[in-house]
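> Mind looking over this structure? Questions follow.
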Amino acid sequence: MKISLSEGTWDKSTADIVAIAIPSGKTKLSRALGRIEAVTGKGSIKPLASDERFTGKALQTLKVASRGKAKSRWLLLVGIGDVNDAPQIAWRVGHALATAARAQKSAAVELPEVTPESVRAASQGLVGGAYRYTEYKSDKTAGETLASAVILGVPKGVRGLTAAVRAGKAVAESANFARDLVNRPPNDLNPVSLARAASAESKKLGLSCRVWNKARIEKEGMSLLLAVNKGSAIEPRVIHVVYKPARAKKKVVFVGKGLTFDSGGLCIKPAGSMVDMKCDMAGAASTLGIVFAAARLKLPVEVHAVVGSTENMTGAKAYRPGDVYKSLEGKTVEVINTDAEGRLVLADVLTWAVRKLKPDYMIDHATLTGACLVALGPWRAALYTDDDDLASKYLEAGEGEGEAFWRLPLDSDLRSTLKSSIADLKHIGGRYGGSITAALFLKEFVGDTTWMHLDIAGPAFVDRAHGRLPKGGTGFGVATGVRFLEGL
């Protein structure tokens, strides 16, 4: 999408549609609508708003024909609620405009406050709101989206606004890349094609991308990852993308779970639970999206994305409950339920990243547990770490980007539920605290590294749009990861 800046005002804009932020509250709402009626004529807006129950609540919209009273054909009133935060308002208005303006060729948005942060947020909202996944649609008009937009009311002399547009687009485009990966059907996206997609995007951005085949994974000794792959006809892959600017002082490694399809293995899922399991690689998608955004933004931080990718299937050689495998770290692991495969894949990849990359911070993204959904619902991710400073910075970054996280405890009392009578560890605990025991299992493989686990099982893939999350793959975690890196 092309996004430009203009000093113009909404009433002078010739765009097909113009979006205007409208606050809630009887007095504020009346003033805002009155300001529009000063141009469109008394009684042209307020009665319609009343009829349509438009109150200015967050993300509520009302599309109004200007009837020649303004230069644009349509006005889009966008409710912003009682929010006073300029970037949040800007994102909401930009996102609502892009969502509503599919059929229009041009659009403009008026922001209550123009700053680099609000311009970045508006750009992010515009590009993110315009996202459609239509790769497999025969009707090509289904993919029509807004091609260009103008941000209005930009005063002269405010520095950094053009760069802010670029930054907002970079983050949104990287999140959209992750969304595309998650939305691809599993017959097209498998570990091999995921690696190809990562390599192709890396090449565009001038990044190093190393891909290991099964033979190399065997040589490295990643037996837990290989165990999960045993039932699949398709080879596993480990993907390592590196963004390494010359002036970097910190090294951050993001690790992603890349299960391109999860049948549950021999502990097979019911059909209703299996149908969307193409999304079990959303952690890998977000991990790749973050490193690609860091490269687009030229951040002064060394960033690595490491992905372990396989299918979890029911082939003749599939791993079984009761099997014991030796991890790359050296601990032996007793398999209890083959549908808890993601932690096995992550365990070996985390061990390798700690040993070979020695990061300042290591953060993993994974659609790891249904227990996380039970605890936090479908729109919030769980955050686990022993490092209070890291948790605080990440939660702040998430809040700034409108991505919801909640810190849960790495409760050491539950560690006993991972004890095995025949091996060093069982890979799952008891019935209760399943998201916590999964995190505790991963903790066994990170040593003394400053590490954080993000269980994104809920918001990574949703069955209906909610707030910033589009239906299907959401790219959840990309924006927060980038904001955290910028804070370093």
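The values are calculated or read from the model by the stated rules, or taken from the named source; none is laboratory data. Computed from a predicted model, the values in this text were never measured in an experiment. Methodologically, a virtual Cβ is constructed for each residue, glycine included, from the backbone with ideal geometry; neighbour enumeration extends over all protein chains shown.
> Quick check on region 305-316: of everything there that is closer than 22 Å to Ala195 by Cβ and part of a loop (DSSP other than H, G, I, E, B), which residue is nearest to the chain's Cα centre (by Cα)? Break it down into steps so the answer makes sense when it comes.
Initially, region 305-316 is screened for residues closer than 22 Å to Ala195 by Cβ, giving 305-313, 315.
After this cut, where a residue has to be part of a loop (DSSP other than H, G, I, E, B) as well, the list is 313, 315.
Working: Met313: 26, Gly315: 32 Å.
Only one residue fits best here, namely Met313.
> Moving on. List pairs: first in region 94-106 and free of Cβ contacts under 8 Å to residues at least 60 places away in the same chain, second surrounded by fewer than 20 Cβ atoms within 10 Å (Cβ to Cβ) and of a type in the set (A, V, I, L, M), Cβ under 6 Å, 6+ apart or cross-chain?
So the pair list comes out empty.
> For region 37-49, what are the residues that are in a helix (DSSP H, G or I) and more than 14 Å from Gly79 (Cβ to Cβ)? It would help to see each step written out before you state the result.
Quick first cut of region 37-49, residues in a helix (DSSP H, G or I) only: 37-40, 46-49.
The answer is Glu37, Ala38, Val39, Thr40, Lys46, Pro47, Leu48.
> For region 326-356, what are the residues that are in contact with a strand residue (DSSP E or B) (Cβ under 7 Å, 6 or more places away or on another chain), surrounded by fewer than 20 Cβ atoms within 10 Å (Cβ to Cβ) and of a type outside the set (Lys, Arg)?
The answer is Thr332, Ile336.
Okay, residues lined up against (1) of a type in the set (A, V, I, L, M); (2) in contact with a helix residue (DSSP H, G or I) (Cβ under 7 Å, 6 or more places away or on another chain); (3) under 19 Å from Thr287 (Cβ atoms):
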residue	(1), (2), (3)
Lys219	no, no, no
Val228	yes, yes, yes
Ala233	yes, no, no
Arg237	no, yes, yes
Gly256	no, yes, yes
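> Every residue in region 96-118 that is of a type outside the set (D, E, K, R) and within 13 Å of Leu5 (Cβ to Cβ), please. Give the steps one after another, and end with the answer.
Initially, region 96-118 is screened for residues of a type outside the set (D, E, K, R), giving 96-101, 103-104, 106-109, 111-112, 114-116, 118.
Hits for region 96-118 are Ala108, Val109, Leu111, Val114, Thr115, Pro116, Ser118.
> Select, from Lys57, Lys46, the only residue that is touching a Ser or Thr at 6+ places or on another chain (Cβ under 9 Å), in the same structural domain as Ala98 (by TED's automatic domain parsing), basic (Lys, Arg) and within 30 Å of Lys169 (Cα to Cα). If you could, list the steps in order and put the result at the bottom.
Values: Lys46 fails: within 30 Å of Lys169 (Cα to Cα).
Checking each option against the conditions leaves just Lys57.
> While we're looking at this one, here's another question. For region 405-419, how many residues meet the condition of being surrounded by fewer than 15 Cβ atoms within 10 Å (Cβ to Cβ) and either part of a loop (DSSP other than H, G, I, E, B) or in contact with an Asp or Glu (Cβ under 6 Å, 6 or more places away or on another chain) (or both)?
The total comes to 3.
> Have a look at Ala233, Ala248 and point out the one that is of a type in the set (A, V, I, L, M, F, W, C), surrounded by fewer than 24 Cβ atoms within 10 Å (Cβ to Cβ), under 27 Å from the mean Cα position of the chain (by Cα) and at negative phi. Give the steps one after another, and end with the answer.
Numbers: Ala233 fails: under 27 Å from the mean Cα position of the chain (by Cα).
None of the others qualify; the one that does is Ala248.
> Tally the residues that are within 25 Å of Asp188 (Cβ to Cβ) and assigned to a loop (DSSP other than H, G, I, E, B), restricting the search to region 216-236. Full working, then the answer.
We begin by selecting, within region 216-236, every residue within 25 Å of Asp188 (Cβ to Cβ); these are 216-217, 225-226, 228-236.
Filter again for assigned to a loop (DSSP other than H, G, I, E, B), leaving 230-236.
Count: 7.
> Which of the residues belonging to region 5-28 are touching a helix residue (DSSP H, G or I) at 6+ places or on another chain (Cβ under 9 Å), more than 24 Å from Gly68 (Cβ to Cβ) and modelled with pLDDT under 95? If you could, list the steps in order and put the result at the bottom.
Going residue by residue through region 5-28, those that are touching a helix residue (DSSP H, G or I) at 6+ places or on another chain (Cβ under 9 Å) are 5, 10-11, 17-23.
From the residues that got through so far, the ones that are more than 24 Å from Gly68 (Cβ to Cβ) too are 5, 23.
Selection gives Pro23 alone.
> Output the residue which, of all residues in region 430-445 that are touching a residue at least 12 places away in the same chain (Cβ under 8 Å) and not in a helix (DSSP H, G or I), is surrounded by the most Cβ atoms within 10 Å (Cβ to Cβ).
Here is the first cut: in region 430-445, the ones touching a residue at least 12 places away in the same chain (Cβ under 8 Å) are 430, 433-445.
Filter once more, so that each one left must be not in a helix (DSSP H, G or I): 430, 433, 444-445.
On the way: Gly430: 12, Gly433: 19, Glu444: 20, Phe445: 26.
Only one residue fits best here, namely Phe445.
> Gly283: in contact (Cβ under 8 Å) with a residue 60 or more places away in the chain, in contact with a His (Cβ under 8 Å, 6 or more places away or on another chain) and closer than 24 Å to Lys230 by Cβ, yes or no?
On the way: in contact (Cβ under 8 Å) with a residue 60 or more places away in the chain: yes; in contact with a His (Cβ under 8 Å, 6 or more places away or on another chain): yes; closer than 24 Å to Lys230 by Cβ: yes.
Criteria met by Gly283.
> If the requirement is being without any contact (Cβ under 8 Å) to a residue 24 or more places away in the chain, among the charged types (D, E, K, R) and assigned by TED's automatic domain parsing to the domain that holds Gly481, which of these qualifies: Lys257, Lys251, Lys214, Lys244? Write out each step before concluding.
Numbers: Lys257 fails: without any contact (Cβ under 8 Å) to a residue 24 or more places away in the chain; Lys251 fails: without any contact (Cβ under 8 Å) to a residue 24 or more places away in the chain; Lys244 fails: without any contact (Cβ under 8 Å) to a residue 24 or more places away in the chain.
Exactly one residue qualifies, and that residue is Lys214.
> Of the residues Leu266, Leu299, only one is in a loop (DSSP other than H, G, I, E, B), within 18 Å of Ala479 (Cβ to Cβ) and in the same structural domain as Arg431 (by TED's automatic domain parsing); which?
Numbers: Leu266 fails: within 18 Å of Ala479 (Cβ to Cβ).
After ruling out the rest, the residue left standing is Leu299.
> Collect the residues in region 437-479 that are over 12 Å from the mean Cα position of the chain (by Cα) and among the hydroxyl-bearing types (Ser, Thr, Tyr), keeping them in residue-number order.
Once the filter is applied, which keeps residues that are over 12 Å from the mean Cα position of the chain (by Cα) and among the hydroxyl-bearing types (Ser, Thr, Tyr), region 437-479 yields Thr437, Thr449, Thr450.
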